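> Questions regarding the structure given below will be posed in turn.
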Amino acid sequence: MAVVATVALAAAIAGACSYFEDPDPYRPPASYTGRPTAEALALGQQLYQRDCSFCHGDDGRGTSQGPDLATGENGPALTDFMLRTGRMPIDAPVEQAQAGTSPYDSDEIDALVAYLDDAFDQPGPDIPEIDTAAGDLVEGRAAYQENCAACHATTGIGGAMIAGRDGETTGIFIPGFARTSPTEVGEAARTGPGAMPAFSPEIIDHDELDGLARYIEYLKDPDDRGGWSLGRFGPVAEGAAGLVLGVGILVLFVRWVGTTRGQRPKEEP
Amino acid sequence: MNRGRGLILAAFGASMAASIGVTVVYALGGQPQIEGVLLGVALGGIAVGLVLFGHRVLPGGHFVQARDVVPPTTQRPEVAASFEEGAEPIERRRLIATAFAGSVALLGAAAVFPIRSLGTRPGRQLDHTSWRRGLRAVTNAGRPLRVDGLDPDSVVTVFPEGHEGSADSQTLLIRLPGGITPPGPRDWTVNGVVAFSKICTHAGCPVGLYQTDTQELFCPCHQSTFSVPEGARPTFGPATRPLPQLPIGLDDDGFIIALSDYTEPVGPGFWNRP
């Protein structure tokens, strides 16, 4: 009996300690840690000079064709995001960078990430380590609805934003999450690529970011309670379906109202 | 014909009973689903009653009238008799007419009661929000914010501390990038951080979309666009007034606080504010 009580007490104390233990809010980056190898830096430099320097300049300070890579949010997270999603390299600098297939393999991307950080002393954040298993789905949903849903849609399918300036209307494309990995979610949230705002750890902390990435994973294949998702476009598609079905039933009803019993219209000879 | 009459009376009777039911349920505190079903029965009963009346009581069949024949005066009594015959079902069915009038009147009476649900008069409530001098700007989770915690080009929705989730107080903190002069009086901003009401001045939707490359806020409902460096001036869409700016400063611990409430009413216009 005493043994059982001692074991139970010890377990309770251990549990309480782990409960009160301050979880380390900062985690080291995942794929890019410590000093890169000399070979990786050489490969990165070679790829940079070949594919990137035309727009971003030999020194990474940007040209009229492309932005400065040595200031702002530029760092391993943003570089990795732009390369891994195939947004860079871009064909024409006037276009909005769109996701596609990257021409580089994973090692080449790591080499470029390491080279840019090393050569230009970038100030932006490192690649965040996302652990979706540790994330809380409900907390992630709250963070999503508060910070992401306005632009990327409640269902995560993305959308479009039009902006007018002095009578001229322009538009940008807002991507959905169908092909976005949890690490890319973290990178985009921390750096705000393109027209997207950046979300620092004060706005979305590390645990919330885990939850957010987990919720976005969930959104790729959600539990459609209504049974019929209609492409998850929301009110427009749902309204159209409602109109077609609802008005169809009404037409049948109106036909019943307009038909006299026993006197269905006949062709007169 | 009698069976038709019974069905019509039953339909109008069901409508009357449902109208009384709506009033009773409303008076007992209300339950939307039950009220909805009863309202559906009240309206549907009138519709079904009218349709059945048309089908079963009014004379049916095809009536052909030759166009250019003017009946001689001697035929007048015949025509009059035919007209009387057509009007007869309506005249003779007093009970059905009374039931119809009763169901319409009861439905009208039931619709009067929910006026009470419009609530009390708003008074001066629309002119101010929960922001007060010295209240910290916190996230929906209650976290206060420092300027250092906001990267340039970041945006976060904040509320006055203690009023998290307050709909009329929702405010956007935006940190503008270095090269852009913050709008508004200089002592209303801190290190490039500006605060604007998140409620669209057109129809009250949350202006939740922010484009960092043009520093524009965009309303998802009707595409109103506000240029933040120009004091959230509307540049596109139906909104006519800029988003109100909240004066912000720092408290002794370095957290962002409000310096006062908004100096003008937030959100869309109302009766005495066009």
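> Using the beta-carbon distance between B:GLN31 and A:ALA42 and R0 = 60 Å, what value does 1/(1 + (r/R0)^6) give for FRET efficiency, to the nearest 0.05?
Step by step, r from the Cβ atoms, then E = 0.25.
> Under a Cβ-only charge scheme (Lys and Arg +1, Asp and Glu -1), can you give me the dipole magnitude of the stretch B:1-121 about the Cα centre, in debye to the nearest 20?
That gives the stretch B:1-121 a dipole magnitude of about 320 debye.
> Right, another one. Which of B:ALA99, B:ALA66, B:PRO77 sits farthest toward the positive end of the charge dipole of the stretch B:1-141, with +1 on the Cβ of Lys and Arg and -1 on the Cβ of Asp and Glu?
Looking along the dipole axis, the top candidate is B:ALA99.
> Hey, if we sort B:SER260, B:SER82, B:SER15 by accessible area with the 1.4 Å probe, largest down, what's the order?
B:SER82, B:SER260, B:SER15
> With a 1.4 Å probe on protein heavy atoms only, tell me which residues of the stretch B:212-247 lose at least 40 Å² of accessible surface in the complex relative to the chain by itself.
Listed in order, they are B:THR212, B:GLU216, B:PHE218, B:PHE236.
> Can you put A:TRP256, A:TRP228 in order of accessible area, largest first, using a 1.4 Å probe?
Ranked from most to least accessible, the order is A:TRP228, A:TRP256.
> Of the options B:CYS205, B:LEU28, A:ALA150, report the single residue whose Cα projects farthest towards the positive end of the charge dipole of the protein assembly as shown (beta-carbon charges: Lys, Arg +1; Asp, Glu -1).
It is B:LEU28, whose Cα lies furthest towards the positive end.
> If you wrap a convex hull around the Cα atoms of the protein assembly as shown, how much volume per residue is inside, in Å³?
Convex hull volume per residue, Cα atoms: 333 Å³.
> Okay, moving on. With just the Cα atoms of the stretch A:130-221, tell me how far they stretch along each of the three principal axes, in Å, largest first.
Principal-axis extents of the Cα atoms in the stretch A:130-221, largest first: 48, 29, 19 Å.
> Which of the listed residues, A:ILE127, A:GLN46, A:PRO36, is farthest toward the dipole's positive end in the stretch A:24-127, when Lys, Arg count +1 and Asp, Glu count -1 at the beta-carbon?
Toward the positive end, the furthest listed residue is A:ILE127.
> List for the stretch A:191-205: residues with 30 Å² or greater reduction in accessible area, all protein chains versus chain alone, probe 1.4 Å?
A:ALA195, A:PRO197, A:ALA198, A:SER200, A:GLU202, A:ILE203
> Just need log10 I(q)/I(0) for the stretch A:24-127 at q = 0.23, 0.24 Å⁻¹, Debye formula, equal scatterers on the alpha-carbon atoms, no solvent, rounded to two decimals.
Each listed q corresponds, in turn, to -1.38, -1.50.
> Expressed as a whole number of Å, what is the distance separating the alpha-carbon centroids of the stretch B:1-66 and the stretch A:80-120?
68
> Something else now. Given the -39500 (n - 2.57) contribution per DSSP H run of 4+ residues, what per-residue ellipticity at 222 nm results for chain B, rounded to the nearest 500 deg cm²/dmol?
After summing the helix terms and dividing by residue count, I get -11000 deg cm²/dmol.
> Taking the Cα centre of the protein assembly as shown as the origin, how large is its charge dipole in debye, to the nearest 20, when only Lys and Arg (+1) and Asp and Glu (-1) carry charge on their Cβ atoms?
In total the dipole reaches around 4300 debye.
> For the stretch B:2-56, just the Cα atoms, rotate onto the principal axes and tell me the three extents in Å, largest first.
40, 13, 10
> Taking only protein heavy atoms and a 1.4 Å probe, what accessible area per residue, in Å², does the protein assembly as shown have with all protein chains in place?
Per residue, the protein assembly as shown has an accessible area of 57 Å².
> Let me ask something additional. Chain pair A, B: how much accessible area is buried, both chains summed, with a 1.4 Å probe, in Å² to 100?
Interface area, both chains combined: 2900 Å², rounded to the nearest 100.
> Once you put a point 7 Å from the Cα of B:VAL104 and another 7 Å from the Cα of B:THR73, both along the Cβ direction, what distance in nm separates them?
In this crude label model, B:VAL104 to B:THR73 measures out at 4.0 nm.
> With every protein chain left in place and a probe of 1.4 Å, what is the accessible surface of B:TRP188, to the nearest 10 Å²?
Using a 1.4 Å probe on the heavy atoms, I get roughly 60 Å².
> Could you rank A:ASP131, B:ASP213, A:ASP91 by how accessible they are, 1.4 Å probe, largest area first?
I get A:ASP91, B:ASP213, A:ASP131, largest accessible area first.
> Give the distance, in whole Å, between the Cα centre of the stretch B:246-270 and the Cα centre of the stretch A:199-220.
Centre-to-centre (Cα) distance: 28 Å.
> Mind putting a number on the dipole of the stretch B:129-258 about its Cα centre? Charges go on the C-beta only, +1 for Lys and Arg and -1 for Asp and Glu, and I need it in Debye to the nearest 20.
Charge dipole of the stretch B:129-258: 320 debye, to the nearest 20.
> Taking every DSSP beta bridge that has both residues in the stretch B:166-274, what percent is antiparallel when rounded to the nearest 5?
100
> Any idea what the relative contact order of chain B is, in percent, if you count C-alpha pairs under 8 Å spaced at least 6 apart?
Across chain B, relative contact order equals 15 percent.
> In addition: Given a 1.4 Å probe and the protein chains all in place, what does the accessible area of A:PHE173 round to, in Å² to the nearest 10?
A:PHE173 exposes around 100 Å² with every protein chain in place.
> Also, quick follow-up: For the protein assembly as shown, with all protein chains present and a 1.4 Å probe, just round the carbon and sulfur fraction of the accessible area to a whole percent.
Roughly 58 percent, rounded to a whole number.
> Right, here's the next one. Between the helical axis of B:32-56 and the dominant principal axis of chain B, each derived from Cα atoms, what acute angle in degrees is found, rounded to the nearest 10?
With rounding to tens, the tilt is 30 degrees.
The values are calculated or read from the model by the stated rules, or taken from the named source; none is laboratory data. Keep in mind that this is a model prediction, so the values were computed, not measured. When we count neighbours, we look across all protein chains shown, and the Cβ atoms used for this are built from the backbone with ideal geometry, even at glycine. Side chains are part of the model used for accessible areas, which takes the heavy atoms of the whole protein and leaves out ligands, DNA and RNA. Shrake-Rupley method; radii C 1.70, N 1.55, O 1.52, S 1.80 Å.
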